[in-house]
Amino acid sequence: MLPFCPINLMTTSQAIDTTTLLSALHWRYATKVFDPAKKIPADIWKTLEETLVLTPSSCGLQPWTFLVITDDALKARLRPHAWDQAQVTDCSHFVVMAAELDVDERYIDKHLRRIAEVRGTTVDSLKSYREMMMGLFVTGPGSRTVNEWAAHQVYIALGNFMTAAALLHVDTCPMEGFAPEEFDKILGLKAKNLRSIVCCPAGYRSDSDKYAKQPKVRFKTENVVEYI
């Protein structure tokens with residue numbers, strides 16, 4: 001795990017500059033053709049893994065699990081259920097992002113125990129926080145849409161992961177084109193109280209990918225950013 005670095009301890013020299021950030025975001029694209037011979041080095045992957053762990057979530061509940069697949073045989077089993085997209089098998093690391101099926105009282109108490117462990121406090125001291133979360137996700141109206149909420153949280157992790165990868169010049173491709181029910185069966189997710197939401201192959205682009213050299217198409221800033 002990377003060392004904890006609270007924002008008030010960061011200095012200007014440690015912060016990433018604006019040019020580096022924007023250059024990385026212009027460089028990235030939804031990679032269509034990965035080079036299967038190029039693998040993400042272990043130290044780079046460990047950093048990307050940590051960016052998944054550090055993703056923010058509502059109430060800090062982290063209703064997700066990230067399944068990282070590097071086994072070629074397992075990738076090959078999944079590929080037919082992802083519109084036969086070559087990214088599944090040709091990438092270095094294939095990440096299936098899954099949401100918790102049961103964000104219930106048990107799950108909330110698990111989160112509270114982790115808070116107490118990390119911050120050196122007691123679960124009893126978090127009673128009011130527990131009541132608030134129970135009202136939001138278990139006993140109140142939000143309980144009817146908690147699965148939709150959990151899926152939305154997973155997309156925060158997807159964006160965080162892709163941005164971090166771009167900064168490290170690792171290619172990615174967000175992927176919703178797959179059959180979740182088939183992935184869930186192959187990966188045994190139901191037994192883990194999980195359901196697959198979105199996938200993200202990661203690795204390095206092939207020189208043959210024509211999309212790497214095409215201009216990025218976005219609406220103009222004034223069309224999507226409004227100050228009111």
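None of the figures in this text is laboratory data; all of them are computed from the coordinates on show. All figures in this text were calculated on a predicted structure; none of them were measured in a lab. Don't worry about glycine lacking a Cβ; one is built from the backbone with ideal geometry, like all the others, and counts go over all protein chains shown.
Work out the charge dipole of the chain with +1 on the Cβ of Lys and Arg and -1 on the Cβ of Asp and Glu about the Cα centre, then indicate which of 180, 33, 191 is farthest towards its positive end.
33
Calculate how large, on average over all directions, the projected area of the Cα convex hull of the range 184-224 is; give the answer in nm² to one decimal.
Its average projected convex-hull area is 5.9 nm².
Would you mind estimating how fast the range 91-184 diffuses translationally, via Stokes-Einstein at 10 °C and 1.306 mPa s with the Kirkwood radius over Cα pairs, in µm²/s?
Answer, rounded: 100 µm²/s.
Simple spin-label model, 7 Å along Cα-to-Cβ: residue 53 to residue 38 in nm?
For residue 53 paired with residue 38, the spin-label model returns 2.7 nm.
Evaluated at 10 °C with a viscosity of 1.306 mPa s, what Stokes-Einstein diffusion coefficient in µm²/s does the range 100-143 have when Rh comes from the Kirkwood expression over alpha-carbon pairs?
148 µm²/s
Roughly what percent of Cα-Cα pairs across the chain reach past 34 Å?
24 percent
Could you give the length gained on full extension between residue 123 and residue 214, defined as 0.36 nm per residue of separation minus the Cα-Cα distance, in nm?
27.4 nm
How far is helix 127-137 tilted, in degrees, relative to the longest principal axis of the Cα atoms in the chain, given as a value from 0 to 90 rounded to the nearest 10?
Taking the Cα atoms of the chain, the angle to 127-137 is about 60 degrees.
Build a GNM of the chain with springs between Cα atoms under 10 Å: which of 16, 186, 115 gets the top mean-square fluctuation?
Checking each option, the largest mean-square fluctuation is seen for 16.
Run the reach check for residue 38 against lysines, Cα to Cα strictly under 20 Å, same-chain hits fewer than 8 apart removed. What comes back?
Partners found: 46, 75, 210, 213.
In a Debye calculation with equal point scatterers on the alpha-carbon sites of the range 22-66 and no solvent, what is log10 I(q)/I(0) at q = 0.20 Å⁻¹?
-0.97
Using the alpha-carbon atoms, what tilt in degrees (0 to 90, nearest 10) does helix 105-119 show relative to the longest principal axis of the chain?
Here the helix axis deviates by roughly 80 degrees.
Give the aspartates and glutamates reachable from residue 127 as a straight Cα distance under 18 Å; neighbours fewer than 8 places away on the same chain don't count.
Result set, ordered by chain and number: 104, 105, 109, 117.
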